[in-house]
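Below: one structure, written as structure tokens.
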Amino acid sequence: MHPAKLSKIFHLAYPAIQKLPLDWQVKLMSYGRMKFMKEFCDYIPKAQFIPHDDYAVNAWGLKFGSPLMNSAGMFKNGEAYDTVAKLGAGGYIGGTSTANARSGNAKNGITLPFITLPNSDVAVNWLGLPNLGDDVLVQKNITFNKVDGCPIGWSLMRSPDYDEDVGLQLLIDSLWKYHNHPQIDFIEINESCPNIKAGGGNIIARLQVIADEFLNKRERKLPVVVKLSNDLSMSSLEEILTALVKLGFDGINLGNTSTNYADLINKISNHNENKLFDYFVNNYGGGVSGKLLKDNSLNLCTHSAEILSKINPGYEFHIIRSGGVEYFADVKASLENGATLVQWYTGFFAAYNLHRDKVYANIFAK
């Protein structure tokens, strides 16, 4: 079945789904998401949309057909490059992966708990980094038809299944594996996943080790950016950004999902969705994505640009914005406030429901 049909069926059935007990709503949405993603990753559009050259972005010597691409977490095992490249994505990122295979979270008889609140343009997931593991994924041929203007990135992170020191060394081992993958054009290190018990540790110390054991020893031009949470404080942002530049990282991604539930729930005005949100975060936790993150992710980018103008890196360092991106206006605001590239997740699926195979064409229509 065309994945857009599944999306349409869900939205048509949504008023009825809202009348079910809350646990059944979570069960249906979690199952429905897995079914939709399988169909989406197997689907190849017939026509290819190519954004106008006016939208092209050059970063780190790579040509992105437009600033906009998927966020990590959408294609955890490197699926669907051909799908999104044909839809017109400006780039692609697979993962987030870990050194070891992970089955992800399960609770109350639900595998990979997930809800979407379409009236509020919000989603919450407690997936827990399901992936096949780096040893398997690094062998994967992501595509036989790499598209000019759609470079391939890969997101990976320190596995929470090991103590910090061991997990960090395994992460560095994985970085070298992807360094040698002929299709990988850039790397994103995820320091922001809310769905695991990882222990924060000292991020600056970890970044130093990565710089010493990987960044400074790279044998090819492979940009490495670090992805941080939407909940990052402005004071922490300045400290981390200063360290990233000092150590020679190539960019920063702001800001991934939020766990600031107390603040976010007050912004969900739809009564039924407010109840489901409250039920989910109290029973599962998870990361919140979508419209509610829009203002803060833009503020983080704006502040990052201000910090960078004072630091003056002296080399090519880019800001990527993720969190709450839905429309062309969001892309435009991102670029005007210091971002070079933009990623979307929840906004993509909302737009896909409306525009199907023209999801990128609608954004970048000339």
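Only one of (1) in contact (Cβ under 8 Å) with a residue 40 or more places away in the chain; (2) more than 24 Å from LEU127 (Cβ to Cβ); (3) part of a helix (DSSP H, G or I) fails for LEU12. Which number is that?
Among (1) in contact (Cβ under 8 Å) with a residue 40 or more places away in the chain; (2) more than 24 Å from LEU127 (Cβ to Cβ); (3) part of a helix (DSSP H, G or I), LEU12 violates only (1).
Can you report the number of residues in the stretch 91-138 which are basic (Lys, Arg) and closer than 12 Å to GLY73 by Cα?
0
Return the pair list, or none, for Cβ contacts closer than 7 Å from residues in the stretch 165-176 that are in contact (Cβ under 8 Å) with a residue 12 or more places away in the chain to residues that are among the polar types (S, T, N, Q), at least 6 apart or on different chains.
Every condition considered, the pairs that remain are GLY167/SER159; LEU170/SER159.
State which residue is surrounded by the most Cβ atoms within 10 Å (Cβ to Cβ) when the search covers only the stretch 155-182 and only residues that are among the polar types (S, T, N, Q) and in a helix (DSSP H, G or I).
SER174
Is it the case that some residue within the stretch 343-354 is on the phi > 0 side of the Ramachandran plot, touching a helix residue (DSSP H, G or I) at 6+ places or on another chain (Cβ under 8 Å) and part of a helix (DSSP H, G or I)?
The answer is no, given that none of the residues of the stretch 343-354 is on the phi > 0 side of the Ramachandran plot, touching a helix residue (DSSP H, G or I) at 6+ places or on another chain (Cβ under 8 Å) and part of a helix (DSSP H, G or I).
Being surrounded by fewer than 18 Cβ atoms within 10 Å (Cβ to Cβ) and more than 27 Å from ALA243 (Cβ to Cβ): is that true of ASN270 here?
Yes: the conditions hold for ASN270.
Is it the case that ALA339 is in a loop (DSSP other than H, G, I, E, B), of a type outside the set (D, E, K, R) and without any contact (Cβ under 8 Å) to a residue 24 or more places away in the chain?
Considered against the rule, which asks whether it is in a loop (DSSP other than H, G, I, E, B), of a type outside the set (D, E, K, R) and without any contact (Cβ under 8 Å) to a residue 24 or more places away in the chain, ALA339 comes out as no.
Is at least one residue of the stretch 90-103 in a helix (DSSP H, G or I) and within 23 Å of VAL325 (Cβ to Cβ)?
No: zero hits.
Counting only residues that are under 20 Å from the mean Cα position of the chain (by Cα) and at positive phi, give me the strands (runs of 3 or more DSSP E) lying completely in the stretch 221-332 with at least 3 of them.
In the stretch 221-332, no matching strands (runs of 3 or more DSSP E) lie anywhere.
Among the residues of the stretch 70-82, how many are out of contact with any Phe, Trp or Tyr (no Cβ under 6 Å at 6 or more places or on another chain) and polar (S, T, N, Q)?
Residues that pass the stated criteria total 2.
Considering only residues that are part of a helix (DSSP H, G or I) and in contact with a helix residue (DSSP H, G or I) (Cβ under 6 Å, 6 or more places away or on another chain), look in the stretch 33-54 and name the one that is surrounded by the fewest Cβ atoms within 10 Å (Cβ to Cβ).
Looking at the filtered set, the residue picked out is GLU39.
So ASP185 ticks every box in (1) among the charged types (D, E, K, R); (2) modelled with pLDDT under 95; (3) within 20 Å of the chain's Cα centre (by Cα); (4) surrounded by 14 or more Cβ atoms within 10 Å (Cβ to Cβ) but one. Which box is left unticked?
(2)
The values are calculated or read from the model by the stated rules, or taken from the named source; none is laboratory data. If you're wondering where the values come from, they're calculated on a predicted model, not measured in any experiment. Every residue, glycine among them, receives a Cβ derived from its backbone with ideal geometry; neighbour counts consider all protein chains shown.
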